[in-house]
Amino acid sequence: MRIVVLAGGIGGARFLLGVRAYAREVGAEVTAVVNVGDDLLLHGLRVCPDLDSVMYTLGGGADPERGWGRVDESWTVKAELAAYGAEPAWFGLGDKDIATHLVRTTMLNAGYPLSEVTEALATRWQPGVKILPATDDRLETHAVVDGEQGQRAIHFQEWWVRYRADIPTHRFVFVGADAAKPAPGVLDAIGGADVVLVAPSNPVVSVAPVLAVPGLRDAVATGPAPVVGVSPIIGGAPVRGMADRCLAVLGVECSAAGVGRLYGGRRDGGLLDGWLVAPEDAGAQVPGVTVGAAPLRMTDETATAAMVRSALELV
Ligand code: GDP
Ligand code: FO1
Ligand code: CA
């Protein structure tokens with residue numbers, strides 16, 4: 001059995017722990033197609049937050065509280081940069097994490113595509129899952145916000161970290177998406193999958209930029225594999241993060257049903273065959289989609305693997 005998972009950072013990474021546990025039980029192969037819209041160039045280094053959250057989490061090196069970066073991290077470089085007054089002061093890289101960005105940037109500068117660099121980094125972490133960036137090309141999420149002279153676009157990280165998603169926002173733009181190509185292996189994985197799972201990731205700024213890569217949404221929506229999504233919203237609120245603010249920008253209700261309808265049923269040109277919601281959202285209806293309910297709190301690998309089983313039972 002071959003399972004493809006569309007994933008962002010923390011929610012995607014924790015879900016993948018459960019997918020991997022399930023896959024080990026049944027002897028399945030897992031490919032994660034991961035968002036790169038959060039990526040940024042900082043102090044000359046290429047930082048890939050969602051790819052790193054997935055790689056560190058599956059490799060046992062993630063910080064469990066923060067959900068991003070390395071466990072037992074130190075912040076000497078951050079403090080030294082601050083002493084120089086280096087900008088941006090609102091975004092900090094940990095010392096251990098910086099090693100990842102150094103290796104990645106060196107390889108990228110030498111001409112290797114991000115997908116090959118990701119594979120090389122993963123040889124250390126042995127994630128047990130094939131981790132693919134959605135694209136090797138530049139695709140950056142920007143938020144269009146109110147500026148002093150009309151609207152301006154700021155990088156997703158500035159919107160998310162500096163402004164905590166709490167400024168008047170008109171829309172999101174996936175800069176570069178039009179010209180991006182799916183990374184090598186992405187379309188083959190989707191075309192050869194027995195099931196595609198949409199992780200309980202942020203639908204607006206994690207899953208949407210993955211689907212914005214030309215050809216990728218079509219491959220999932222018109223491909224042979226059934227598609228099942230898992231709701232990141234429980235009882236009308238995100239489990240963590242600011243998906244509520246992201247959904248508000250789109251005018252979409254922050255609910256399991258709202259996100260399910262945003263993805264839509266395949267019958268109506270959408271994405272989903274199945275949509276798994278939490279027991280408290282059991283009444284949710286998404287036209288053309290089989291909705292199921294199961295506990296959706298990813299408290300540990302066993303609970304998350306049970307979630308994956310419930311998702312697969314929908315199709
Ligand atoms: P990010 O890229 O690091 O922001 O992470 P993702 O986009 O992959 O995931 C963020 C989403 O994960 C948030 O909207 C959360 O609501 C969701 N999430 C986090 N923990 C859980 C959980 O235990 N269960 C469910 N269903 N969703 C979760
Ligand atoms: N999030 C923060 O809130 N503050 C930070 O300084 C910060 C640094 C950072 C460095 C590397 C990395 O991989 C992630 C980092 N994050 C930080 C998390 C990141 O901004 C977001 O949570 C994700 O991009 C949203 O998916
Ligand atoms: Ca993300």
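What follows is calculated from the coordinates using simple rules that are stated; it is not laboratory data. From a predicted model like this one, the values you see are computed outputs, not experimental measurements. Cβ placement follows ideal geometry from the backbone for every residue including glycine, while neighbour counts extend to all protein chains displayed.
Numerical summary
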read-out: For the stretch 8-61, alpha-carbon Rg over 2.2 N^0.38 Å; value: 1.27
read-out: Sequence-separation-based contact order of the stretch 88-179, relative, with Cα cut under 8 Å and 6+ spacing, percent; value: 25
read-out: Percentage relative contact order, the chain, counting C-alpha pairs under 8 Å, at least six apart; value: 19
read-out: Among 35-48, 165-178, the order from most to least packed when residues are scored by Cβ within 10 Å on average; value: 35-48, 165-178
read-out: More than 28 Å apart - percent of Cα-Cα pairs taken over the chain; value: 36
read-out: The chain: angle of helix 95-109 to the longest principal axis, Cα-based, in degrees nearest 10; value: 90
read-out: Pairwise FRET efficiency - residue 178 versus residue 244, Cβ, R0 = 30 Å, nearest 0.05; value: 0.55
read-out: Stretch gain in nm, segment residue 170-residue 301, where the contour uses 0.36 nm per residue and the Cα spacing is subtracted; value: 43.4 nm
read-out: Descending principal axes extents, the stretch 123-281, alpha-carbon based, whole Å; value: 49, 40, 37
read-out: Nearby lysines by direct alpha-carbon distance to residue 78 (threshold 18 angstrom, same-chain neighbours under 8 apart not counted); value: 96
read-out: Under 22 Å from residue 181, Cα to Cα: lysines that are on another chain or at least 8 residues apart; value: 130
read-out: Two-site label geometry, residue 25 and residue 252: point separation in nm, points 7 Å out along Cα→Cβ; value: 2.9
read-out: Angstrom value of the Kirkwood radius, inverse mean 1/r, which spans all Cα pairs in the stretch 1-151; value: 16.4
read-out: Cα-centred dipole magnitude for the chain, charges only on beta-carbon of K, R (+1) and D, E (-1), debye, nearest 20; value: 260
read-out: Extreme residue, positive dipole direction of the stretch 117-222, given options 128, 169, 185 (C-beta unit charges); value: 128
